[in-house]
1. To test your reading of the geometry: what angle, between 0 and 90 degrees and rounded to tens, separates the Cα axis of helix B:73-97 from the longest principal axis of chain B?
2. For chain A, just run the numbers: alpha carbon Rg, then divide by 2.2 N^0.38 Å, N being how many residues it has.
3. Across the residues of B:69-79, average count of Cβ atoms on other protein chains within 10 Å?
4. Where the centroid of each part is defined by its Cα atoms, how far is region A:386-422 from region A:1-44 in Å?
5. Which helices, counted as full DSSP H runs in chain A, have an axial Cα extent of no less than 30 Å and a Kyte-Doolittle average of -0.5 or above?
6. So, with a 1.4 angstrom probe, what is the percent of accessible area on chain A that is carbon and sulfur?
7. What FRET efficiency would be calculated for the residue pair A:MET489, A:ASP443, taking the C-beta separation as r and a Förster radius of 30 Å, to the nearest 0.05?
8. Restricting the calculation to Cα positions, tell me the Rg (one decimal) and the Dmax (whole number) of region A:58-174 in Å.
Amino acid sequence: MPKITLHSTAGIETHEYNSANSLLQTIQKIGGEVFAPCGGNGTCGKCRVKVKHYGTVTSCLYYPTTDIEVILPDTKESKILTDQYKHTLKLPLNPCCLAANVHSPMGLGIDIGTTSMVFYWVDLKTGGIVNTTSVTNPQGRFGADVISRIGHCANEGGLEELQKVLIDAINKELIKLEENEGIINSDIVKVTISANTTILHLLLGIDPTPLALYPFTPAFTDYKIVAAKKLGIDINEQGGIHLLPSISAYVGADIVSGISSIAPRNEIKNYLFIDIGTNGEMAVVTPNEIFCCATAAGPAFEGANIKCGMGAFDGAISEYSDNGYKTVGNDKPIGICGSGLIDIIATLVNNGTISMDGVLTEDFVLADKNHSGNGENIILTPRDVREVQLAKSAIMSGIKILIDKAGLTYNDIDALYLAGGFGNYLNPDNAMRIGLLPMELADRIIPVGNTSGAGAVLHLLSEDFNDVLKSTVEKSQNIELSEHPDFEMEYAMNMYFS
Amino acid sequence: MEELYSKLSDCIEFGKINKAAPFPPQMKDQDGADEITKQLLDAGASADDVLQKGLIIGMEKVGVKFRNNEVFVPQVLMSAKAMDAAMVYLKPLFAESGGSQKGTFIIGTVEGDLHDIGKNLVSMMVEGNGYKVIDLGTDVKAETFIKVADENPGAIVGLSALLTTTMGNQEAITKAIKAHNTNIKVAVGGAPVTQDFSDRIGADCYSADPQGIVEYMNGVFAK
C-alpha cells in the first residue's frame, strides 16, 4: 500500500492508505482535520490541501496512488480560505456549449503572473476545482519585470521566444495532467487566461513595445477568443483560448478579472482592491465608478532585486520575528520570499537595526551557511532595504492618491481586499509597520487570494461572467499617478519607516 | 557671516526648506534655506558667495552620502527643495550679473519616457553645484535637445531614461546629437543604464549617481 505523510499543527505522521479513497477520505480516516462543508461533493473548494512537489488539490476530488506528502492548512490559512469563499462571487454552472458534447468536460483557468503561472483544473460537470498547480513563469529568464521583457522584443526573434516559452509551459502542464490524472486532451474544451496586458500581448505574439513608451497604447484590451489550434495549445481541437479583457497598458485582465470575482457583502460600499505584484495594480471601487492605477512597485516582493530573494517556494523564509524564521514547507532556508521580507524589515525597524530612514549598516545574516539549505549565508543587504523602500512607497503613494482622486477619505473605505497569493501570507501588522498598507484601515484588511485566478475559474464555469467583466471595464477609469501634483512628495516621504 | 554660510550648507545637507517646514525633525523651528539666504544677501553677501560657500558645500555632502547609501531619495529630494528655496533669491541676481555659473547643463528624459524623479534629482544636484540648468522635462525628442544645445554653445547634454525600453531612445538621441555636432558632450543616466551601454552608444559620461555627473562637469569646465 502507498504511504501518506501528513503535516498538520499536531505534527508529522506517516500512514499507509487505500488508493481507492479520495485524499479527503484518507486524511479524515487517519484523523486529520480538513474543513469540507459540502461534504466532499467537489463543489465548495474549501478542502484544499497542499501536496508537496505537486501543488494544491481539492482533496475530495483527488485520488492519489503513490507515496505522498500532504500539508494541511494551519488555522490562519483555513481562515483565509473561508474568507475567500465568503467574498467570492458565485454563479450557477453554465459552461460553454462545447462542454455538452464531451463525456467528462474539463476547463483550464490560467493566471499568468509576471513571476508565476497558476493552473486551475476545473471539472465542468460538477463545477469543482480538481486541483491547482503552479510553475515559475519561464519568461523570467528574459527579465524579472514586464518592461525588461518588452525590451527583449527588440532582439531578433525575441517576441517569438517569449511567446513560445509560455505556450510550451502550458502544454507541459497539460501533459503532466494527462499523466497524473488520466485526463485526455480532447476533454479539455476551454482555456481561460487572465494576465496583465503585456503578457496577453506576448501570448498572442503581438509586439508589446508601444506599452512601454508614452502614450502607452495597447494593441488590444478587449475580450478575445482564439482557436487553441492557432496558438498550438494542445486541448480539444475545437476548443478556444479565452483572454479576459484589460483596461489599459498597465491595468490588465488580471485586475479586471480580480475585481469582477469579488462579491462584497452588502455593507461594503466603497473598497480598495490591491494586488501587490510587480506592477502594484490597485483600484478604488465605488458603487458606480472604479478608479484604477498601476504603481511602479517593482518585483521586490516577488524576490527579484533582492539579494537572497525568491518566490514563495519550498525553502523560502516566509515568516520572521524576534524568535527566528519559518520557511515554506519547513525546509532549510534557501532564500527570502515577499512575506518574509516584510517581517524581517518590520522586526529590524522595531529593534532599531534599520533606522527610520532606512539605513542598515551591514548585511544582516538570517541563517549562516551551516544552517541554510544551499550552503550559503541567507542575508538581508542594505540595498535590499532600499528596494523595499521604493516598492512599499509606490504602493502607499498609489493608495493615498487614488483615494483622493475618488473624492474619498480612509473613513469612507469599508474594506481593503488584498489580492494575490502574496496577500494571503503577508502579516498585515508588519505590512502596516513598514508603511506598505495604511494603518488607518487596520481592521478592514481582507486577504482574498489569487482573485485573477478566481475570475478565470468563474469564466470557465459560467458564460454569465462575461457580463460582470464588461461592467467592470465600463465603470473603470485609469488614473495616471505621476500627473498628480502631490505624487513626487508623497513618493519620497512614504519611503520612511515612520 | 561664516556661521550663516555653514548654517545654509547644513540646511541644504539636511533638507531644511524654511522655518515652517517640519522636515527634518531635528531642525524643527530653526531657520531654513529660505530665511538664511535672505539674511546673507541682506548682510551684503554676493549671490556667488552664497552659492559657493553655502549651497555647493551642502549639495556635495548630500551627493557623497547618497553615493555611500547613507541617505536615500527622500533626503535628496528635500535637499533639492531646500536649494530651490535659496535659488529663488539667487536666480534673478545671476540673470542680472550675467552669472558667474561654471557652465550650462541641458537635461531631459528621453522620448517615450515620462519618469522625472531621477532627472529632477540630477538637475538639482548639478544646479546646486553652481551650474546653469536647462530642464527640458520628459518625453523629449532629439531635435529639441539639438536645438537647445545649439543655442547654448559649450553646454553638456544629459539624457535620462528609467526603462530598458527607452534606453534605445537614449542611444538614438546620443547618435543624432553626435551626428549633428560631434563636439557636444553627452552624459547618460538612469536605473537600467550601465557604463558598458554608455560606451557602446558613444556617450561621453555615465554615472550611477548624481555626484558623478557633477564631478565630470567640474573636470570639463575646469579646463
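1. Computed tilt is about 80 degrees.
2. Relative to the rule-of-thumb radius for its length, chain A sits at 0.95.
3. Mean inter-chain Cβ contacts per residue within 10 Å come to 6.
4. 40 Å
5. Those that clear 30 Å and a mean of -0.5 are A:158-181, A:382-405.
6. 49 percent
7. 0.60
8. Just the Cα atoms of region A:58-174 yield Rg and Dmax of 18.1, 51 Å.
The values are calculated or read from the model by the stated rules, or taken from the named source; none is laboratory data. All values reported here derive from a predicted model rather than from experimental measurement. Note that we place each Cβ from the backbone using ideal geometry, even for glycine, and neighbour counts take in every protein chain shown. Keep in mind that these areas ignore ligands, DNA and RNA; they rest on the heavy atoms of the full protein, side chains included. Shrake-Rupley method; radii C 1.70, N 1.55, O 1.52, S 1.80 Å.
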